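Written below as structure tokens is the structure these notes are about.
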Amino acid sequence: MILPRAFYDRPCLTVARQLLGKYLCIAGDEGVRAGRIVETEAYIHEEDLACHARHGPTPRARTLFGPPGHAYVFLVYGMHHCFNAVCEPQGSAAAVLIRALEPGNLPLRTDGPGKLCRALSIERSDNGRDLTAGDRIWIEDRGEARVIGLATPRIGVDYAGEWAKKPWRFVDPKSRWLSRKITFPNRPRRPPPSQ
DNA sequence: ATCCAGATGGTC
DNA sequence: ACCATCTGGATA
């Protein structure tokens, strides 16, 4: 089932959790490519100093302020794309970044936001695309059991001060395809091999 | 295992 | 001047 607009028209943290275990799909020349979502992050409103909406509805951030259920795609570090699903009602600037997929039958690795965009050929021309029309990019519910997401701080936003510490990244703890391994504090390390 | 420089270009 | 990343090379 293609996720309907009502799925996205809810609080960003809810959408970020519920996207775990869903399938990001794209239709291309050689059929449909899809991967299971195992890692997400929420970016929430103008006051979130890690969110691109922090400077208001600039040309880049405009789609964040638009209606839910659309793609927000941008270029980072001059070479990688990031894919987000816009959520919450129009005028409420929030989106969920998809950070990792289980590759399934995809030929390239998808354990990172830039890598998954490359594997699915998502680029800036996909910015603003309607995710509920089912014509090129959509997200599917394939009836799997609900994933209990593990919350952690977001990656790569240390510049955002207090906002960087909020536990707004969600991972499927059973997946081996996360952009970073899950680390537990004070877990003893395996000793180096002795001769 | 961890650390880090460099690539590269849009955005403010 | 930054930056929601990735890769390869150095080091231990």
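A short reminder: the numbers here are calculations on the coordinates, not readings from a lab. Keep in mind it's a predicted model, so treat the numbers as computed, not measured. Note: ideal-geometry Cβ built from the backbone for every residue, glycine included; neighbour counts use all protein chains shown.
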Excluding residues fewer than 8 places away in the same chain, name every one of the lysines whose C-alpha is closer than 20 Å to that of A:Lys181.
A:Lys115, A:Lys165, A:Lys166
Compute, for region A:5-171, the length of the dipole vector about the Cα centre, with Cβ point charges of +1 (Lys, Arg) and -1 (Asp, Glu) only. Units Debye, rounded to 20.
180
Can you work out the Karplus-derived ³J(HN,Hα) for every residue in region A:73-87? Use 6.51 cos²θ - 1.76 cosθ + 1.60 with θ = phi - 60°, whole Hz, and x for glycine or proline.
10, 9, 9, 10, 6, x, 8, 10, 9, 10, 10, 10, 9, 5, 9
Work from the charge dipole of chain A (Cβ charges, +1 for Lys and Arg, -1 for Asp and Glu, about the Cα centre) and give the residue of A:Ala42, A:Phe7, A:Thr132 farthest towards its positive end.
A:Ala42
At a Förster radius of 22 Å, what calculated FRET efficiency corresponds to the Cβ-Cβ distance of A:Arg124 and A:Leu49, to the nearest 0.05?
0.40
Quick check on chain A: helices-only [θ] at 222 nm, where DSSP H runs of length 4 and up contribute -39,500 (n - 2.57) each and the sum goes over total residues. Nearest 500, please.
-2000 deg cm²/dmol
Just order A:91-99, A:165-173 by mean Cβ neighbour count inside 10 Å, highest at the front, would you?
A:91-99, A:165-173
Quick check for you: which residues of region A:42-75 have the amide N under 18 Å from the point 7 Å beyond the Cα of A:Ala164 toward its beta carbon?
A:42-44, A:47-54
Tell me, what ³J(HN,Hα) does each residue in region A:7-15 have, in order and in whole Hz, if you take phi through Karplus 6.51 cos²θ - 1.76 cosθ + 1.60 with θ = phi - 60° and put x for Gly and Pro?
4, 7, 7, 9, x, 4, 5, 5, 5
Can you work out the Karplus-derived ³J(HN,Hα) for every residue in region A:152-165? Use 6.51 cos²θ - 1.76 cosθ + 1.60 with θ = phi - 60°, whole Hz, and x for glycine or proline.
9, x, 6, 9, x, 10, 4, 4, 8, x, 4, 5, 5, 8
Can you give me the Cα centroid spacing of region A:6-63 and region A:153-179 in angstrom?
14
Interchain or long-range residues, amide H under 5 Å from A:Glu88's placed H
A:Asp9, A:Arg10
Please work out, to two decimal places, the log10 of the ratio I(q)/I(0) at q = 0.08, 0.15, 0.19 Å⁻¹ from a Debye calculation in which every Cα of chain A carries one identical scatterer.
-0.25, -0.86, -1.40
